[in-house]
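Here it is, the structure in full.
The values are calculated or read from the model by the stated rules, or taken from the named source; none is laboratory data. No experiment lies behind these values; they were computed from the predicted model shown. Please note: Cβ atoms are built from the backbone with ideal geometry, for glycine as well, and neighbour counts cover all protein chains shown.
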Amino acid sequence: MKFGDVVTAIASLTVIMVFISGPLTLVLTPALGKFNAFELSGFVSFILSPLIVGYIFARQIWEENRTRTIAKITVIFTVLVMLIILMENATVEYAPMVRADYLKANPTATPSEFDWYNIELMAISSEVFLSGVFMLAITFIGLYIGSMLKKPTKSPK
């Protein structure tokens, strides 16, 4: 699989994920609330989009070493997701939420500004790490299963 095909597969993963999670969030929000609908639709889209992309790109995945091709797509896509999560947490009101949660768990604590910096950095780093591990596993498994659903046709010789 050429690098251009890998980039196309990653772009397809991203677009399909957005096209699944967006409408699903809108549908689920009245029943589950904003947070739960967002989490559930994200989880569903994280599982379905690699299956779909694995099915669509099955021929290209089977051309080369299948595991290696899937690993290329998975690693680059996981880095993209980790960067998105890092940027999202840097731009939204994440620090006040971390501070409130920390003080709720430790009501007598009086961290210094440097301590707050480290606490917030650990919170963001742990979320990025856990998301990365989750995305590596789910994307690899989804692409593998998706590529298995559509076996390549043998060309007559």
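Which numbered condition trips up residue 33, out of (1) on the phi > 0 side of the Ramachandran plot; (2) touching a residue at least 60 places away in the same chain (Cβ under 8 Å)?
The single condition residue 33 does not satisfy is (2).
May I ask you to say which residue of 127, 93, 63 is more than 24 Å from residue 10 (Cβ to Cβ) and of a type in the set (Asp, Glu)?
Just one listed residue meets the conditions, 93.
Conditions (1) in a helix (DSSP H, G or I); (2) among the small types (Gly, Ala, Ser); (3) surrounded by 14 or more Cβ atoms within 10 Å (Cβ to Cβ), marked per residue:
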| position | (1), (2), (3) |
| --- | --- |
| 61 | yes, no, yes |
| 70 | yes, no, yes |
| 90 | yes, yes, no |
| 96 | yes, no, no |
| 107 | no, no, no |
| 111 | no, no, yes |
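Oh, and also: If a residue has to be more than 20 Å from the chain's Cα centre (by Cα) and of a type in the set (A, V, I, L, M, F, W, C) to count, how many in segment 35-69 make the cut?
Residues in segment 35-69 being more than 20 Å from the chain's Cα centre (by Cα) and of a type in the set (A, V, I, L, M, F, W, C): 3 in total.
With 38, 57 as the choices, which residue is of a type in the set (Phe, Trp, Tyr) and farther than 28 Å from residue 122 by Cα? Please lay out each step first, then the result.
Numbers: 38 fails: farther than 28 Å from residue 122 by Cα.
It is 57.
Looking only at residues that are hydrophobic (A, V, I, L, M, F, W, C) and in contact with a helix residue (DSSP H, G or I) (Cβ under 8 Å, 6 or more places away or on another chain) in segment 28-46, which one is surrounded by the fewest Cβ atoms within 10 Å (Cβ to Cβ)?
31
Restrict the check to segment 111-118 and report whether at least one residue is at pLDDT below 90, closer than 26 Å to residue 12 by Cβ and not β-branched (Val, Ile, Thr).
no
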